[in-house]
Amino acid sequence: MGMGLCAWLVLGGIAGWLASIIKGTNAKMGMFANIATGIVGSMIGGWVFNLLGGRGVTGFNLYSLAVATVGAVILISIVQAIRK
């Protein structure tokens with residue numbers, strides 16, 4: 001089941017926001033950075049979950065939010081490692 005643009009933006013925004021809270025970068029990130037992080041994170045999370053035998057983003061649901069959040073945490077961690 002495909003997701004529309006609005007669903008990607010909402011899921012990405014929530015996932016990016018949750019990941020920024022987990023990684024302690026929430027004060028530095030705005031709404032657009034959270035959305036971008038969440039959308040890219042959903043792609044990273046989907047790839048990682050597929051490698052581990054799971055499924056990637058499956059639609060607008062809690063599982064997909066978890067996949068996107070895990071991917072966004074990975075993305076923020078990579079960016080933090082590069083910046084150090």
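If I filter the range 24-36 down to residues being surrounded by fewer than 20 Cβ atoms within 10 Å (Cβ to Cβ) and under 23 Å from residue 5 (Cβ atoms), which single residue comes out as nearest to the chain's Cα centre (by Cα)? Can you show your working first?
Kept after step one, since they are surrounded by fewer than 20 Cβ atoms within 10 Å (Cβ to Cβ), are these residues of the range 24-36: 24-33, 36.
Checking the rest, the ones that are also under 23 Å from residue 5 (Cβ atoms) come to 29-33, 36.
Working: 29: 14, 30: 15, 31: 13, 32: 13, 33: 11, 36: 8 Å.
Among those residues, the one meeting the criterion is 36.
Out of the residues in the range 67-84 meeting the condition of being in a helix (DSSP H, G or I) and free of Cβ contacts under 8 Å to residues at least 12 places away in the same chain, tell me which one is surrounded by the most Cβ atoms within 10 Å (Cβ to Cβ).
Of everything passing the filter in the range 67-84, 79 is surrounded by the most Cβ atoms within 10 Å (Cβ to Cβ).
Looking only at the range 47-58, which residues are in contact with a helix residue (DSSP H, G or I) (Cβ under 6 Å, 6 or more places away or on another chain) and either open to solvent by less than 40 Å² (accessible area, probe 1.4 Å) or in contact (Cβ under 8 Å) with a residue 40 or more places away in the chain (or both)?
56, 57, 58, listed by residue number.
Check 21, 39 and return the single one that is out of contact with any helix residue (DSSP H, G or I) (no Cβ under 7 Å at 6 or more places or on another chain), open to solvent by 20 Å² or more (accessible area, probe 1.4 Å) and part of a helix (DSSP H, G or I).
So the residue among 21, 39 that is out of contact with any helix residue (DSSP H, G or I) (no Cβ under 7 Å at 6 or more places or on another chain), open to solvent by 20 Å² or more (accessible area, probe 1.4 Å) and part of a helix (DSSP H, G or I) is 21.
The values are calculated or read from the model by the stated rules, or taken from the named source; none is laboratory data. Bear in mind that the values here come from a model prediction, so they are computed numbers and not experimental data. Backbone-built Cβ (ideal geometry, glycine too); neighbour counts: all protein chains shown. Protein only, heavy atoms only, side chains kept; ligands, DNA and RNA dropped before computing areas. Shrake-Rupley method; radii C 1.70, N 1.55, O 1.52, S 1.80 Å.
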